[in-house]
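*Asks:* Take a look at the following structure, please.
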Amino acid sequence: MREQELILYRDFAKEDILQDMAWLTAHYQEGDAVDRDPAALLYDCMHRLLELAGTHGFYGNLWHCYLSDLLANSENSYSMACEVVGSVAGTINEAALHDFEIIKEFYDYDFSGMIYWLGAQRVALLFDWHVGERRGRVYNSRIRDRICELAVKLAGAATAAEMKDITTEFYREYGVGRFGLHKAFRIEHDGEVMEIVPILNIAHVKLDDLVGYDIPKKKLIDNTEAFVEGRKANNCLLFGDAGTGKSSSIKAIANEYYHRGLRIIEVYKHQFRDLNDIIAQIKNRNYKFIIYMDDLSFEEFEIEYKYLKAVIEGGLEKRPDNVLIYATSNRRHLVRERFGDKADRDDDLHTNDTVQEKLSLASRFGVTIYFGSPDKKEFQNIVRTLAARSALPIPEDALLAQANQWELAHGGRSGRCAQQFIDYLAGKKAEG
């Protein structure tokens, strides 16, 4: 194997399993003439590939799945040029074809001679691996299946050029690396280093799942649609009563527009100092990013909102065209206000300046969308719709009577309250 000759996919040569497999192909017949035990090393590689299958959920030919995973996650000048837009022109294609000629050798290598020579017949299990529940901790089932399907297609490619075309189409359709494979992310710190980490299991909620709220949903869709299509769009604030579907709407947007290149990064209030670093990592990618802040509000003593103000609008550096900020809040103006802010007797010499300071953050959101608590008729419609979706065999009069009792005891009318009531009834049904 010629892994050291790779150009664009140079990161392959740093992979331990690939390095060890490459060494084995060259030295497995040398026995005592080398410092390493080839048979022990082969079984160690088998162990690592099986562990990879366990954590990622891979099945089929695990060697091919491993190589396909490397291709899907290799962020280089070729793969990143191809993400979203597909094939590109220029000499870079010659460099890519050179690499795929080598990568094809990885896929096509026949391990049968090595297995026979070393008497390691069990290693053949790697090439036709079956699992019961195909679950993994690193990938959800959607991403895992894409990698395994890519492995099958690449193994069947007749030429390096065909393999290159298959991989390029994969980049165009799904992207590359963490931003290509995943739709939502959170921020974590490894010491002083900030990392954008995929969220593996995001709720598969759709906007149609949110009963009612047609006008707020349309405003959100229109703004997001413009953003995804590359037209002018605004930062967006969803505010209103608790449990009315603000956060669910953002999750639905993430699911709806993922296939059109939209990605969402969730950022908490204490992480606002990382915003400039986050934007620096995503501003040159061929995706649209929404930086999402859930349940955003500030008390008087909290100053994190000043970082957010500078990033949204007001700093010297222009916000990238592929980044918007969406936030949800129960407060229309985000920062807590007091009657004392406007009172003539306030100790503040410049009372109006204090008021404007507190309003200035909310004013940086060009689109504000109100989600209010439903009235009784709307609440009952939500209950009826959710009950029908759950196929609850309860007469409507009894259903609505119980729903009214439930909302009185559980914080008032809201979509969340209605869903909790339906979940309660469904749980009783399953129990009975």
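The values are calculated or read from the model by the stated rules, or taken from the named source; none is laboratory data. All figures in this text were calculated on a predicted structure; none of them were measured in a lab. When we count neighbours, we look across all protein chains shown, and the Cβ atoms used for this are built from the backbone with ideal geometry, even at glycine. Only protein heavy atoms, including side chains, enter the accessible area calculation; ligands, DNA and RNA are left aside. Shrake-Rupley method; radii C 1.70, N 1.55, O 1.52, S 1.80 Å.
*Asks:* For residues that are within 17 Å of the chain's Cα centre (by Cα) and assigned to a helix (DSSP H, G or I), scanning just segment 260-298, find the one that is surrounded by the fewest Cβ atoms within 10 Å (Cβ to Cβ).
*Replies:* That would be R260.
*Asks:* Right, something else. Starting from segment 224-245, take each residue that is of a type in the set (D, E) and list its partners that are open to solvent by less than 50 Å² (accessible area, probe 1.4 Å) and part of a loop (DSSP other than H, G, I, E, B), counting only C-beta distances under 8 angstrom and pairs at least six apart or across chains.
*Replies:* From segment 224-245, the pairs are D241/G372; D241/S414.
*Asks:* Can you tell which of V193, V211, V228, V197 is open to solvent by 10 Å² or more (accessible area, probe 1.4 Å) and more than 28 Å from Q281 (Cα to Cα)? Walk me through it before giving the result.
*Replies:* Details: V193 fails: more than 28 Å from Q281 (Cα to Cα); V228 fails: more than 28 Å from Q281 (Cα to Cα); V197 fails: more than 28 Å from Q281 (Cα to Cα).
Every option except V211 fails the conditions.
*Asks:* Return a yes/no flag: does segment 180-188 have any residue that is in a loop (DSSP other than H, G, I, E, B), over 17 Å from T55 (Cα atoms), more than 17 Å from the chain's Cα centre (by Cα) and touching a residue at least 24 places away in the same chain (Cβ under 8 Å). Break it down into steps so the answer makes sense when it comes.
*Replies:* At the first step, the residues of segment 180-188 found to be in a loop (DSSP other than H, G, I, E, B) are 182-183.
From what's left, over 17 Å from T55 (Cα atoms): 183.
Filter again for more than 17 Å from the chain's Cα centre (by Cα), leaving none.
There is no residue in segment 180-188 that is in a loop (DSSP other than H, G, I, E, B), over 17 Å from T55 (Cα atoms), more than 17 Å from the chain's Cα centre (by Cα) and touching a residue at least 24 places away in the same chain (Cβ under 8 Å).
*Asks:* Please enumerate the residues belonging to segment 390-427 that are within 22 Å of D241 (Cα to Cα) and among the aromatic types (F, W, Y).
*Replies:* Correct list: W406, F421.
*Asks:* Only one of R338, R331 is under 31 Å from the mean Cα position of the chain (by Cα), farther than 20 Å from A310 by Cβ and at pLDDT below 85. Can you tell me which?
*Replies:* Only one candidate passes the filter, namely R331.
*Asks:* Another question, if that's okay. Name the residues in segment 135-192 that are closer than 28 Å to I253 by Cβ and of a type in the set (V, I, T), would you?
*Replies:* V138, I143, I147, V176, I187, listed by residue number.
*Asks:* So, in segment 73-92, exactly how many residues are assigned to a helix (DSSP H, G or I), open to solvent by 10 Å² or more (accessible area, probe 1.4 Å) and touching a residue at least 60 places away in the same chain (Cβ under 8 Å)?
*Replies:* Counting residues in segment 73-92 that are assigned to a helix (DSSP H, G or I), open to solvent by 10 Å² or more (accessible area, probe 1.4 Å) and touching a residue at least 60 places away in the same chain (Cβ under 8 Å) gives 4.
*Asks:* Quick check, is G175 under 16 Å from the mean Cα position of the chain (by Cα) and crowded, with 18+ Cβ neighbours inside 10 Å?
*Replies:* Judged against the criteria, G175 is a match.
*Asks:* Can D11 be described as of a type in the set (D, E, K, R), assigned to a helix (DSSP H, G or I), open to solvent by less than 30 Å² (accessible area, probe 1.4 Å) and closer than 19 Å to G180 by Cβ?
*Replies:* Answer is no for this residue.
*Asks:* Just the residues that are of a type in the set (A, V, I, L, M) and surrounded by 12 or more Cβ atoms within 10 Å (Cβ to Cβ), please, taken from segment 402-430.
*Replies:* Those that are of a type in the set (A, V, I, L, M) and surrounded by 12 or more Cβ atoms within 10 Å (Cβ to Cβ): A403, A418, I422, L425, A426.
*Asks:* A further question follows. Please determine, by comparing only the residues of segment 214-259 that are in a loop (DSSP other than H, G, I, E, B) and within 16 Å of V367 (Cα to Cα), which one is nearest to the chain's Cα centre (by Cα).
*Replies:* At the first step, the residues of segment 214-259 found to be in a loop (DSSP other than H, G, I, E, B) are 229-235, 241-245.
Then keep just the ones that are within 16 Å of V367 (Cα to Cα); that gives 231-235.
Details: R231: 23, K232: 24, A233: 22, N234: 22, N235: 20 Å.
Within segment 214-259, the match that is nearest to the chain's Cα centre (by Cα) is N235.
*Asks:* Identify, by number, the condition in (1) modelled with pLDDT under 85; (2) open to solvent by 60 Å² or more (accessible area, probe 1.4 Å); (3) within 30 Å of N276 (Cβ to Cβ) that F365 doesn't meet.
*Replies:* Going through (1) modelled with pLDDT under 85; (2) open to solvent by 60 Å² or more (accessible area, probe 1.4 Å); (3) within 30 Å of N276 (Cβ to Cβ) one by one, F365 breaks only (2).
*Asks:* Of the residues I202, I187, which single one is β-branched (V, I, T) and out of contact with any helix residue (DSSP H, G or I) (no Cβ under 6 Å at 6 or more places or on another chain)? First the steps, then the outcome.
*Replies:* Numbers: I187 fails: out of contact with any helix residue (DSSP H, G or I) (no Cβ under 6 Å at 6 or more places or on another chain).
The conditions single out I202.
*Asks:* Moving on. Go over the candidates A151, A96, A157 one by one and state the one that is surrounded by 18 or more Cβ atoms within 10 Å (Cβ to Cβ) and touching a Phe, Trp or Tyr at 6+ places or on another chain (Cβ under 6 Å).
*Replies:* Exactly one of A151, A96, A157 is surrounded by 18 or more Cβ atoms within 10 Å (Cβ to Cβ) and touching a Phe, Trp or Tyr at 6+ places or on another chain (Cβ under 6 Å), namely A96.
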